[in-house]
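**Student:** What follows is a single structure, and I will ask about it in a moment.
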Amino acid sequence: MNDRSRDVRSIRLPRWGRVAADQGVVPWLVFDEEGKAVEPVRRFLIDFVARDNRVGSVRSYAFDLLRWWRWLRVVEVEWNRATSAEVRDFVLWLSGAVKPRSAPRTVSAATAGTINSITKKPYLDDRYKPRTIRHSNAVLRSFYDFWIELGGGPLVNPVPLARSDHRRPHAHHNPLEPYRAEGRLRYNPKVPRRRPRQMPDERWNELFAALRSNRDRAILALAVSNGARASELLGVRGVDLDWGDQLVRVVRKGTLAEQWLPASPEAFVWIRLYQEEGPPLDPTAPLWWTLRRRDHGAGLAYQPMNYEALRAVFRRANLLLGTNWSMHDLRHTAALRMARDEGLSLRDVQTILGHAHLSTTADIYLVEEESQVIRRVQDHLAELKKRAQLPPPPVALGYQASDLEVLFGGDQA
């Protein structure tokens with residue numbers, strides 16, 4: 001291990017290279033300053049795509065590897081000669097660095113990193129979060145595992161595991177059994193556990209009233225009734241609606257499996273109102289479209305709604321209400337409502353949310369709502385104060401008040 005010290009606080013990554021879409025097998029690639037694909041990354045991403053990973057994951061991995069390549073250029077280390085010292089210093093740099101922005105903050109500059117007084121949620125700032133660093137470490141370890149297996153990378157993976165002993169990875173592995181995870185990565189930061197919060201009914205009513213269109217009302221009504229993810233709802237088509245049984249079919253984010261989910265009658269009412277005023281709908285086409293026609297080179301036309309358009313819906317509503325709600329808050333709200341319904345089992349909640357393991361549902365949603373705990377404690381303190389202000393009970397016959405005062409140390413008169 002290279003123990004040379006670096007002043008990581010003074011390092012600034014160059015704007016070297018870029019991630020861009022490609023028309024080949026790999027939808028996203030890392031390109032250098034000459035516009036050529038970075039070959040080690042390209043070969044890794046080909047294998048990554050062949051393992052049936054989604055386009056969004058490919059793009060995410062490409063950006064993590066671009067950041068790593070920029071780091072290697074600054075520290076002047078070849079990618080196949082990197083050691084755990086480079087990874088260690090990279091993690092230290094990420095822990096204190098500020099994300100580069102294409103444009104400076106304007107309206108959000110005053111709230112970045114603060115807590116919203118209404119939602120009690122933090123606003124995002126420009127620091128790298130522990131989850132981002134952990135994801136970066138996982139990407140780098142996977143990248144170097146690929147090249148070590150091919151014999152083209154370093155002899156040892158520079159992203160080490162946090163073992164108490166120094167045994168060889170997968171020592172004494174039975175070849176008839178699958179490989180299992182060898183433990184957490186050494187330089188993974190700890191992630192504070194976040195408690196899901198249920199949106200109070202009055203806040204939900206305020207958010208719903210702030211929406212501008214029946215399309216937006218339909219999407220949010222669906223999300224709060226069954227907890228489907230944003231990407232799952234945006235992928236719904238006209239044929240994915242069962243009007244008779246009031247079901248909606250989604251493609252699950254992780255498994256890509258199709259699943260029918262129940263939805264509230266109100267959600268279907270808003271969908272019908274949206275369809276009556278919206279663009280002509282092909283049953284096999286996406287259900288959600290932009291409200292205005294746009295020209296993307298082929299004349300004015302409605303465009304399928306994407307995640308950025310959905311974020312714009314929340315930005316407008318949050319600006320009006322002074323909040324920072326997101327689509328995931330509706331998923332938490334739906335899940336907590338179901339988990340606290342005595343008529344539903346935890347297995348029911350797991351199925352609707354699409355969790356692979358029951359323990360995931362239990363760990364996240366079998367929690368006490370913090371606001372409700374605070375309210376009950378406040379009621380308890382108010383009750384104690386009320387009792388203290390009540391007159392003392394009369395002394396029973398046959399006893400002297402002075403004797404009781406000596407016995408109990410208080411005024412019993």
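**Student:** Among (1) touching an Asp or Glu at 6+ places or on another chain (Cβ under 8 Å); (2) β-branched (V, I, T); (3) more than 30 Å from I364 (Cα to Cα), there is one condition I271 misses while meeting the rest; what is its number?
**Tutor:** Result: I271 passes all but (1).
**Student:** Another question, if that's okay. List pairs: first in the stretch 282-293 and closer than 18 Å to A312 by Cα, second of a type in the set (F, W, Y) and modelled with pLDDT under 90, Cβ under 7 Å, 6+ apart or cross-chain?
**Tutor:** What qualifies is W289/Y302; T290/Y302; R293/Y302.
**Student:** Out of the residues in the stretch 237-262 that are polar (S, T, N, Q) and modelled with pLDDT of 95 or more, state the one that is farthest from Q350 (Cα to Cα). I'd like the intermediate steps shown before the answer.
**Tutor:** Step one: filter the stretch 237-262 for residues polar (S, T, N, Q), giving 246, 255, 259.
Next cut, modelled with pLDDT of 95 or more only: 246, 259.
Details: Q246: 20, Q259: 13 Å.
Ranking the candidates gives Q246 first.
**Student:** Taking the conditions exactly as written (in the same structural domain as A230 (by TED's automatic domain parsing), surrounded by fewer than 16 Cβ atoms within 10 Å (Cβ to Cβ) and closer than 27 Å to L234 by Cα), does R337 satisfy them or not?
**Tutor:** On the way: in the same structural domain as A230 (by TED's automatic domain parsing): yes; surrounded by fewer than 16 Cβ atoms within 10 Å (Cβ to Cβ): no; closer than 27 Å to L234 by Cα: yes.
Taking the combined requirement at face value, the residue does not satisfy it.
**Student:** Is it the case that the stretch 73-91 has a residue that's under 28 Å from the mean Cα position of the chain (by Cα), crowded, with 19+ Cβ neighbours inside 10 Å and basic (K, R)?
**Tutor:** Yes; the residues of the stretch 73-91 include at least one that is under 28 Å from the mean Cα position of the chain (by Cα), crowded, with 19+ Cβ neighbours inside 10 Å and basic (K, R).
Let's see how each residue does on (1) at positive phi; (2) in contact with a Gly (Cβ under 7 Å, 6 or more places away or on another chain); (3) touching a residue at least 40 places away in the same chain (Cβ under 8 Å):
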| residue | (1), (2), (3) |
| --- | --- |
| I11 | no, no, yes |
| D22 | no, no, no |
| E39 | no, no, no |
| F44 | no, no, yes |
| D52 | yes, no, no |
| W69 | no, yes, yes |
| L94 | no, no, yes |
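**Student:** Any residue in the stretch 301-323 that is modelled with pLDDT of 95 or more and among the hydroxyl-bearing types (S, T, Y)?
**Tutor:** Yes.
**Student:** In the stretch 75-90, which residues are hydrophobic (A, V, I, L, M, F, W, C) and over 14 Å from W147 (Cα atoms)?
**Tutor:** V75, V77, A85, V87, F90
**Student:** Here is a further query. Report yes if R294 is of a type in the set (K, R), at pLDDT 90 or above and closer than 30 Å to V107 by Cα, otherwise no.
**Tutor:** When the stated conditions are applied, R294 does not pass them.
**Student:** Filter the stretch 135-161 down to the residues that are in a loop (DSSP other than H, G, I, E, B) and touching a strand residue (DSSP E or B) at 6+ places or on another chain (Cβ under 9 Å), then identify the one that is farthest from V41 (Cα to Cα).
**Tutor:** P160
To keep it simple, each residue is scored yes or no on (1) within 22 Å of the chain's Cα centre (by Cα); (2) more than 25 Å from D201 (Cβ to Cβ); (3) in a helix (DSSP H, G or I).
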| site | (1), (2), (3) |
| --- | --- |
| L320 | no, no, yes |
| R331 | yes, no, yes |
| L336 | yes, no, yes |
| L344 | no, no, no |
| D348 | no, no, yes |
| T360 | yes, yes, yes |
| Q378 | no, no, yes |
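A quick yes/no check of all residues on (1) modelled with pLDDT of 90 or more; (2) loosely packed, with under 15 Cβ neighbours inside 10 Å; (3) among the aromatic types (F, W, Y):
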residue	(1), (2), (3)
T106	no, yes, no
P122	yes, yes, no
D126	yes, yes, no
I133	yes, no, no
S136	yes, no, no
Y144	yes, no, yes
L150	yes, yes, no
V156	yes, yes, no
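The values are calculated or read from the model by the stated rules, or taken from the named source; none is laboratory data. Just so it is clear, the model here is predicted, and its values are computed rather than measured. As a convention, Cβ positions derive from the backbone with ideal geometry for all residues, glycine included, and neighbour counts pool all protein chains shown.
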